[in-house]
Amino acid sequence: MIPYGKNDAFCNMAIDEAIACCVNDGLSPPTLRFYGWLLPSVSIGAFQGSNCIDHQWCAQRGVAVVRRPTGGRAVVHDDELTYSFTANLDNGFFTKSVLNNHKMVNSVFYRALRRLGLEVDFTEGRLDRRGLLSKSLCFASTSYGEVSAGGKKVIGAAQRRYANGFIEQGSMPLSVDRELVAGALRVNDTLPSDCKERSEDILAGLTAISDSVEISNIIDTVRDCFEESFGVTLNPAALTPQEDRLTQQLLLKYRSEGWTHRR
């Protein structure tokens, strides 16, 4: 397990991909990583068009824009706990099914949040919110195995498959800056007038559910639930030398305009 720390948007994505590559190649064990963001940022899905973001608005306010290694739609990162989980497919728990792996991982976070006393739900089917907010936003999309509270999504996650494994990146907002979300994702440009304020219908920060939420408690409880669910011990560790070297190489990609605007 990689302990919690804050980095800029480009470093966060480079670290996640470096870990994923090393796990897929058998150089690193399955890895759970927690992290935060030095500055408000937006991550775009690997296959999403970059025009979903108001780049001028973000640049004027110092909001970094980065393209993720995983799919899905845009996520605005600010006051949140972010995680990545990378595993191979030879442990008996995970398969080549994105849906299966997503549900397996999200079910652990669901149990952890319930253990912390948060009234959250785990949805087996699809929840359709497409009419509520800009389709460029991850939290507006439908999903299986969703963790929600009062019908509001509290975890947004995206995944990428490798030959022998996968990585899932997830965002757990503690609070939601609706002005930041609206400005960065052009929400006010894409919604009819009667939908302008309806981001409150689908977005929820964990502190809106409980005012006693603390990042350290969430991390400790999620770690315990991972260990119980998969019969493993997660030992805190720094990046391996291979992961660190690959991170430095990948930083060149994530900081490049060519990667960010490739679509």
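The values are calculated or read from the model by the stated rules, or taken from the named source; none is laboratory data. What you are looking at is a predicted structure, and each value in this text was computed from that prediction instead of being measured. Here the Cβ is made from the backbone with ideal geometry for all residues, glycine too, and neighbour counts use every protein chain on show.
Consider the stretch 45-84. How many of its residues are touching a Leu at 6+ places or on another chain (Cβ under 8 Å) and in a helix (DSSP H, G or I)?
1
Restricting attention to the stretch 199-250, which residues are in a helix (DSSP H, G or I), among the aliphatic types (A, V, I, L, M), under 20 Å from the mean Cα position of the chain (by Cα) and closer than 20 Å to Pro3 by Cα?
Hits for the stretch 199-250 are Ile215, Ile218, Ile219, Val222.
Residue-by-condition table, conditions (1) modelled with pLDDT of 95 or more; (2) out of contact with any Ser or Thr (no Cβ under 7 Å at 6 or more places or on another chain); (3) closer than 21 Å to Phe47 by Cα:
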residue: Gln60; (1), (2), (3): yes, yes, no
residue: Asp79; (1), (2), (3): yes, no, no
residue: Leu89; (1), (2), (3): no, no, no
residue: Asn106; (1), (2), (3): no, yes, no
residue: Gly117; (1), (2), (3): no, no, no
residue: Ser143; (1), (2), (3): no, yes, yes
residue: Val147; (1), (2), (3): no, yes, no
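Hey, can you tell me all the residues within the stretch 12-55 that are buried (at least 22 other Cβ atoms within 10 Å of the Cβ) and among the hydroxyl-bearing types (Ser, Thr, Tyr)?
Result: Thr31, Ser41, Ser43.
When the stretch 1-34 is examined, which residues are found to be touching a residue at least 60 places away in the same chain (Cβ under 8 Å), within 15 Å of the chain's Cα centre (by Cα) and not in a helix (DSSP H, G or I)?
Selection gives Tyr4, Leu32, Phe34.
Taking the stretch 83-115 on its own, how many of its residues are over 18 Å from Met1 (Cβ atoms), more than 20 Å from the chain's Cα centre (by Cα) and of a type in the set (A, V, I, L, M, F, W, C)?
Residues in the stretch 83-115 being over 18 Å from Met1 (Cβ atoms), more than 20 Å from the chain's Cα centre (by Cα) and of a type in the set (A, V, I, L, M, F, W, C): 1 in total.
Quick check on my filter: what residues within the stretch 164-209 are surrounded by fewer than 19 Cβ atoms within 10 Å (Cβ to Cβ), modelled with pLDDT of 90 or more and hydroxyl-bearing (Ser, Thr, Tyr)?
Within the stretch 164-209, Ser175, Thr207 qualify.
Any idea which residue in the stretch 56-71 is surrounded by the fewest Cβ atoms within 10 Å (Cβ to Cβ), counting only those that are within 20 Å of the chain's Cα centre (by Cα) and of a type in the set (Gly, Ala, Ser)?
Looking at the filtered set, the residue picked out is Gly71.
State whether one or more residues within the stretch 85-95 are among the β-branched types (Val, Ile, Thr), touching a residue at least 40 places away in the same chain (Cβ under 8 Å) and either part of a loop (DSSP other than H, G, I, E, B) or buried (at least 16 other Cβ atoms within 10 Å of the Cβ) (or both).
Yes, some residue in the stretch 85-95 is among the β-branched types (Val, Ile, Thr), touching a residue at least 40 places away in the same chain (Cβ under 8 Å) and either part of a loop (DSSP other than H, G, I, E, B) or buried (at least 16 other Cβ atoms within 10 Å of the Cβ) (or both).
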